[in-house]
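Presented below is the structure to which this report refers.
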Amino acid sequence: AQKYGINKVYECIDDVFTDPDVDIIYISTPHNTHIRYLKKALANGKHVLCEKSITLNINELNEAVLLSQKNNVILAEAMTIYHMPIYKELNKIIADDKLGRLNLIQVNFGSYKDYDMSNRFFSRNLAGGALLDIGVYSLSLIRWFFKESGVDEQVGILLMNSSSEMATVTLSLHSKQPKRATLSFDKAYIEIFDYPRGMQATITYTDDGHKEIIKAGSTNDSLFYEVADMEKAVNSSDPKEIEDLM
């Protein structure tokens, strides 16, 4: 606190939830503890930005959502992909229909973690595993570009929605993979590099092979974009704007 010039430090975590000077609480504890802190924060009328995965299951999430609605506060997941400028820029391009229909998304995410059973990545008691830790990035990228639909250490997933858009996901905590996503359209394909915190994508148009480089934002500012959108949402009185931001 002295190093970073923080004037207020809490000796008991519960004091954060009841401090009248606190407007927004950021939760970055292990996955299995999220719901415990979410309930305390929301019940005390605090807006919450919670790290992914926001909860372990839909029942926990529904409980948190009901609490946020009851106390009229914003509950948001800190999912980098939803706030990085590169994805917002690509959405504008896709919306112009210059690429045609989306057909297939291929997403890989591999990182190497030392095999230590006390490490949260491999601990069942801390809700470890590839899907909750890195898989949510892959699934969130797919959700960002898919049309709306109803739809562990290493994971393979095949998805298809009612629009016949298809996605494949490969995850690993044992091997490095290039963090690359490919979106295939009728007239072009998009390659996104170093997701989720990317800042560059390449569009290749299949009729003549020419490429378009899209750059937006900075990887170094990825967490800033989340916080900036959260602040805008808290200060907004427009439900649609809040939903779009968070």
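The values are calculated or read from the model by the stated rules, or taken from the named source; none is laboratory data. What you see is a predicted model; the values in this text were computed from it and never measured. A quick note on method: Cβ atoms are made from the backbone with ideal geometry, for glycine too, and the neighbour counts reach across all protein chains shown. Side chains included, ligands, DNA and RNA excluded: accessible areas come from the protein's heavy atoms. Shrake-Rupley method; radii C 1.70, N 1.55, O 1.52, S 1.80 Å.
Within the stretch 142-155, being at pLDDT 85 or above and farther than 21 Å from residue 56 by Cβ holds for 144, 145. Within the stretch 81-134, if we keep just the residues that are in contact with a Gly (Cβ under 7 Å, 6 or more places away or on another chain) and not hydrophobic (A, V, I, L, M, F, W, C), the residue that is modelled with the lowest pLDDT turns out to be 120. Restricting the search to helices (runs of 4 or more DSSP H) fully inside the stretch 1-106 and requiring at least 1 residues that are under 22 Å from residue 234 (Cβ atoms), β-branched (Val, Ile, Thr) and open to solvent by 80 Å² or more (accessible area, probe 1.4 Å) gives 14-18. In the set (1) in contact with a strand residue (DSSP E or B) (Cβ under 6 Å, 6 or more places away or on another chain); (2) of a type in the set (Val, Ile, Thr); (3) within 20 Å of residue 53 (Cα to Cα), residue 190 fails one condition alone, (3). Among the residues of the stretch 219-234, are any among the hydrophobic types (A, V, I, L, M, F, W, C), open to solvent by 100 Å² or more (accessible area, probe 1.4 Å) and within 20 Å of residue 85 (Cα to Cα)? Yes: one or more hits.
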